[in-house]
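Below you'll find the structure, written out as structure tokens, and then a few comments.
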Amino acid sequence: LSFGARDKARRYQETEKKYNLVLEDEIEFIKSLPLAGTRKKTKKKKKKEQKKVEDLETSSSSEEEEEEEEQEEPKESEFKKKKMTIQEVRRSLPVYPFRHSLLAAIEEHQVLIVEGETGSGKTTQIPQYLMEHGYCQDGQKIGCTQPRRVAAMSVAARVAEEMGKKLGNEVGYSIRFEDCTSERTKVKYMTDGMLLREFLVDPSLAGYSVMMIDEAHERTLHTDILFGLLKDIIRFRPELKLLVSSATLDSAKFSDFFDEAPIFRIPGRRYPVHIYYTRSPEANYIDAAAVTVLQIHITQHLGDVLVFLTGQEEIEACQEILTERIKGLGSKIRELLILPIYANLPSDMQAKIFEPTPPGARKVILATNIAETSLTIDGISYVIDPGYAKQNYFNARSGMESLVVNPISRASANQRAGRAGRVGPGKCFRLYTQWAFENEMEENTIPEIQRVNLGNVVLQLKSLGIHDLINFDYLDPPPAETLILALEQLYALKALNHKGELTSTGRKMAEIPVDPMMARMILAADQHKVVEEILTVAAMLSVNGAIFYRPKDKAIHADAARKNFFHPDGDHLTLMNVYNEWAGAEYSPQWCYEVFIQHRSMKRARDIRDQLVGLMERVEVQLSTNPGDSVAIRKAITTGYFYHVARFSKGGMYKTAKKSQTVMMHPQSCLTEDLPRWVVYHELVLTTKEYMRNVCVIDGKWLLEVAPHYYKDNEVHDTTNKKMPKVKGKAKEELRVE
Ligand code: CDP
Ligand code: MG
């Protein structure tokens with residue numbers, strides 16, 4: 001965290017303020033970037049300006065070097081590629097010449113580590129080769145996991161297209177709350193989390209002949225757990241083939257873990273990428289990224305641009321800046337297509353990034369980390385890397401987990417730069433200093449298992465009958481204190497008994513594909529007879545895209561519309577109001593449009609809710625409803641989330657109930673006007689401060705009722721649930737900062 005997450009958060013806020021950055025700043029920044037017209041010029045300038053320009057390690061052969069000289073203008077080869085048929089494209093991929101040797105290696109070894117540059121064809125081709133080679137006899141499937149749901153959907157769509165089949169038939173995907181497969185599915189792409197869930201139903205993965213754990217280098221929590229589980233089942237299923245594929249990182253480590261499994265290296269095809277750093281740290285990287293895009297667009301050869309941002313909000317902000325400035329430049333410049341890509345973008349919009357750039361135009365893709373290795377986008381010649389990514393961080397000592405924008409590692413930065421060198425020589429603009437790269441960034445990203453809350457995974461392992469979690473076969477073990485805290489939490493949620501064994505409640509919780517606290521809340525709704533209401537709340541909380549739409553030019557109207565949904569007891573009930581009114585309007589898109597609600601998010605909430613309703617029978621919960629009983633609804637929420645309780649302290653601040661950590665009401669909460677004494681929050685978001693997002697008013701006394709084993713009388717002694725005096729002046733200002 002040497003860059004300082006908090007520091008970054010502050011910068012993020014400055015960004016918000018500085019949308020209308022004055023022209024001088026812009027010119028200043030442009031001056032500080034050593035852009036040059038051609039590569040040759042750059043070479044000369046390099047020494048003169050004493051700009052450190054670094055070549056990424058390249059594996060290109062001498063022929064390719066020659067080719068590279070001819071490819072000053074990457075345009076040509078790109079267009080050639082576009083004229084190729086889809087089968088020709090398949091045959092042009094680096095993995096293609098190794099098809100037979102790869103299949104032979106798989107035949108010979110049960111476990112094979114496959115290493116290859118992003119874009120070599122691992123994800124899309126290898127499962128097809130296996131299928132064509134007869135690995136799908138007797139209804140057996142080939143599985144391929146992806147850490148990200150966008151990647152699972154998009155590669156499945158691509159492979160279906162390559163095979164000329166309809167998505168969901170022979171080729172399908174499975175992600176949480178969405179199963180796009182059928183009886184006929186032979187190649188199944190899925191998130192690693194979904195495969196972990198499949199273990200609950202089919203502990204030996206009998207339906208699969210091959211399992212490919214893809215993007216293994218990402219080291220997500222689920223992928224890491226899968227390694228341990230798979231290592232176990234391959235011992236008693238000798239016919240099951242296991243492939244572990246990764247970008248060119250960590251292969252040796254995977255090989256060691258799987259008893260010296262051989263590594264199959266697909267030789268890469270990568271052109272040199274020149275790296276540029278800024279002279280001084282960039283205070284406002286979103287704006288700096290936008291300026292750099294325009295700079296490239298005006299001064300550089302054709303070739304698409306890829307910008308790495310941390311999430312939807314940043315992407316939308318950057319898109320807005322770019323659109324504005326392009327308008328200002330008028331018709332003098334070439335066409336610039338701005339295409340976003342992030343997890344919650346609807347799939348038809350996601351597909352746009354793969355469409356060929358029209359001749360003479362330039363595409364700029366504003367992406368989250370997903371474009372680092374999970375998705376290969378062709379035609380990228382320029383990468384802009386502000387150096388940040390959003391990550392979950394869990395602090396076992398305070399028991400707090402929050403989503404934090406963090407500096408990336410050097411390994412990530414190099415992966416990002418590599419994206420510019422697939423079609424020809426490329427350029428990567430790092431919006432940080434070389435000093436920061438060398439001295440402030442970590443070498444590698446810390447694996448997720450060492451920095452997130454393990455409650456969910458521990459519950460799943462327990463329900464798979466794995467009791468000894470300390471001695472589970474981990475690639476890298478989680479910190480003991482995190483493991484212990486997860487066990488404690490599950491015990492407090494009544495999922496485990498005092499011996500650490502799964503209870504019947506725990507078994508049901510494991511069946512519901514949400515985190516343990518939410519699962520507990522759903523089960524508690526049964527006692528309070530508000531299951532329908534709680535499922536609505538759960539679905540709305542699980543959407544993870546914005547519900548309220550707030551266009552800048554209609555902000556006043558949007559805020560007024562939002563206020564109409566406010567419920568005095570907090571955001572959970574406000575969300576329920578939105579859903580119920582939408583349902584009352586027959587799920588109308590027009591209704592959403594009129595009241596500034598995102599229809600897309602609502603549709604997703606409805607899907608999730610339907611799935612949860614469908615699951616209730618399995619966990620023996622009967623649907624019950626009592627929309628007017630706010631107390632019952634809030635007690636059910638508190639039964640699940642009693643770990644997330646905060647009490648009003650002073651000056652607009654709250655303290656968490658047990659550990660007395662300072663937290664603030666999120667400025668978007670409906671409760672900011674009238675701060676209640678006791679609240680339960682859904683999650684924490686760390687920017688300049690820890691903000692509680694989605695907050696519900698509770699009565700302190702309830703804690704003794706719903707979690708008597710966790711709260712003592714004296715901890716909730718202040719049980720008056722009187723509203724706090726209206727916050728004025730400074731404290732109020734603070735609430736508005738984000
Ligand atoms: O997995 P790996 O990074 O090795 O490569 P891949 O994802 O299989 O991508 C191979 C090629 O498939 C890329 O060069 C893209 O041209 C193409 N592809 C695509 O057009 N659309 C997708 N959704 C995914 C891949
Ligand atoms: Mg891949």
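Rule-based calculations on the coordinates, nothing more; no lab input. These numbers were taken from a predicted model, which means no experiment stands behind them. We place every Cβ from the backbone using ideal geometry, glycine too, and count neighbours over all the protein chains shown.
Before moving on, here are some points about what is shown:
- Relative contact order computed over the stretch 498-623 (Cα-Cα under 8 Å; 6+ residues apart), in percent: 33
- The chain - percent relative contact order, Cα under 8 Å, separation 6 or more: 12
- Net charge over other residues, Cβ less than 14 angstrom from the Cβ of Arg606 (K, R count +1; D, E count -1): -2
- Applying both filters, DSSP loop and at most 15 other Cβ atoms within 10 Å, to the GluC sites (Glu not before Pro) of the stretch 481-524 gives Glu501.
- Listing His297, His599, His572 from fewest to most neighbouring C-beta atoms within 10 Å gives His599, His297, His572.
- Dipole of the chain, positive direction: furthest Cα of Thr118, His644, Gly421, with charges on the beta-carbon: His644
- Calculated [222 nm] ellipticity per residue, helices only, for the chain: -12000 deg cm²/dmol; basis is -39500 (n - 2.57) per DSSP H run with n ≥ 4, divided by all residues, nearest 500.
- Of Lys253/Lys352; Lys141/Lys390; Lys494/Lys655; Lys165/Lys363; Lys508/Lys603; Lys508/Lys659, those spanning more than 32 Å from alpha-carbon to alpha-carbon: Lys253/Lys352; Lys141/Lys390
- Based on alpha-carbon atoms, the Kirkwood radius and the radius of gyration of the chain give Rg/Rh equal to 0.96.
- In a reduced charge model with +1 at each Lys and Arg Cβ and -1 at each Asp and Glu Cβ, the stretch 389-533 shows a dipole moment near 460 debye about its Cα centre.
- Annotation: peptides 378-390, 131-143, ranked by per-residue average of other Cβ atoms within 10 Å with the highest first, follow the order 378-390, 131-143.
- Neighbour-count ranking [beta-carbon atoms within 10 angstrom, fewest first] of His644, His567: His567, His644
- In this simple spin-label model, placing a label point 7 Å from the Cα along the Cα-to-Cβ direction at both Asp348 and Ile466 gives a separation of 4.2 nm.
- Unit charges on C-beta of K, R, D, E only; dipole of the stretch 473-532, Debye: 360
- Computed from phi, the 3J(HN,Hα) profile of the stretch 672-679 under the Karplus parametrisation 6.51, -1.76, 1.60 (θ = phi - 60°) reads 5, 6, 9, 6, x, 6, 10, 9 Hz, with x in place of Gly and Pro.
- Among beta bridges identified by DSSP and lying wholly in the chain, the antiparallel ones come to about 40 percent.
- Cα-centre dipole for the chain with unit charges at Cβ (Lys and Arg positive, Asp and Glu negative), debye to 20: 1820
- For the pair Arg334 and Leu704 in one chain, pulling the backbone fully straight at 0.36 nm per residue adds 126.6 nm over the alpha carbon distance.
- The spacing between the stretch 247-321 and the stretch 465-491, judged by their C-alpha centroids, is 34 Å.
- Residues Lys563, Lys529, arranged from fewest to most other Cβ atoms within 10 angstrom of their Cβ, appear as Lys563, Lys529.
- Electrostatic bookkeeping for Asn344 treats Lys and Arg as +1 and Asp and Glu as -1; over the other residues with beta carbon under 14 Å from its beta carbon, the sum is +1.
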